[in-house]
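Below is one structure, written out as structure tokens; comments come after it.
The values are calculated or read from the model by the stated rules, or taken from the named source; none is laboratory data. As the structure is a computational prediction, the values presented were derived from the model and not from experiment. Because the Cβ atoms are built from the backbone with ideal geometry, glycine has one as well, and the counts that use them run over all protein chains shown.
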Amino acid sequence: MSSIETITLGGGCFWCTEAVYKAVRGVLDVESGYSNGHLNHPTYDDVCGGDTGHNEVVRLQYDPTQISTREVLEIFFATHDPTQLNRQGNDVGTQYRSGIYWHTAEQAAVAHALMAELGQQKLFDRPIVTEVEPLANYWPAEDYHQDFFERNPYQGYCMAVAAPKVAKLRKTFSRLAKPA
């Protein structure tokens, strides 16, 4: 039995979410993709049109002996705004919704418990709107989206949006960050 777990997360643009999790100890693989829509083999253009129902996501493989599901999700909630419905910053549309797409019932339970705790702590000014659903209809994004921040650190969007999220990870979760 493998000790590797997989979970899929939608936290806005997948370039940013991918950049954050590539910097996390215990995360073994990060793949940008599309999930929980109705079209098979969607393209970036299809998903950006907003009619496929897909969300821009990252599929993480992680070692639970190094990082727990709860820690994976704590990073998720700290590095995007889970109170914005169908948007993150200037990225607007259902493809940018906040979502946790679980692969095991235990992951769903951890997500619901953490969301309840965050709600009780009133950490956010508005209610959390993150959807928690089983993963459905996942498709990897095109090759040019994979490792985008790593390959394009000086691209405008990466400098303005992704880099600050990675910096926040390194500051807030320093014990979980890989060496820079």
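Residue-wise test of (1) touching a residue at least 24 places away in the same chain (Cβ under 8 Å); (2) at positive phi; (3) of a type outside the set (Gly, Ala, Ser); (4) surrounded by 12 or more Cβ atoms within 10 Å (Cβ to Cβ).
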site: 116; (1), (2), (3), (4): no, no, no, no
site: 119; (1), (2), (3), (4): no, no, no, yes
site: 134; (1), (2), (3), (4): yes, no, yes, yes
site: 139; (1), (2), (3), (4): yes, no, yes, yes
site: 154; (1), (2), (3), (4): no, no, yes, no
site: 171; (1), (2), (3), (4): no, no, yes, no
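Restricted to the stretch 87-106, and to residues that are in contact with a helix residue (DSSP H, G or I) (Cβ under 6 Å, 6 or more places away or on another chain) and at pLDDT below 95, which residue is surrounded by the fewest Cβ atoms within 10 Å (Cβ to Cβ)? Full working, then the answer.
So the first thing to find is which residues in the stretch 87-106 are in contact with a helix residue (DSSP H, G or I) (Cβ under 6 Å, 6 or more places away or on another chain), and the list is 87-88, 95, 100, 102.
Still in the running and at pLDDT below 95: 87-88.
On the way: 87: 16, 88: 22.
Checking each candidate, the answer is 87.
Name the strands (runs of 3 or more DSSP E) wholly within the stretch 1-119 that hold at least 2 residues that are within 10 Å of the chain's Cα centre (by Cα) and of a type in the set (A, V, I, L, M)?
Filter on the stretch 1-119 gives 5-11, 55-62.
A quick yes/no check of all residues on (1) more than 20 Å from residue 87 (Cα to Cα); (2) out of contact with any helix residue (DSSP H, G or I) (no Cβ under 7 Å at 6 or more places or on another chain); (3) assigned to a helix (DSSP H, G or I); (4) among the hydrophobic types (A, V, I, L, M, F, W, C):
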residue	(1), (2), (3), (4)
125	no, yes, no, no
128	no, no, no, yes
133	no, yes, no, no
150	yes, no, yes, no
160	no, yes, yes, yes
163	no, yes, yes, yes
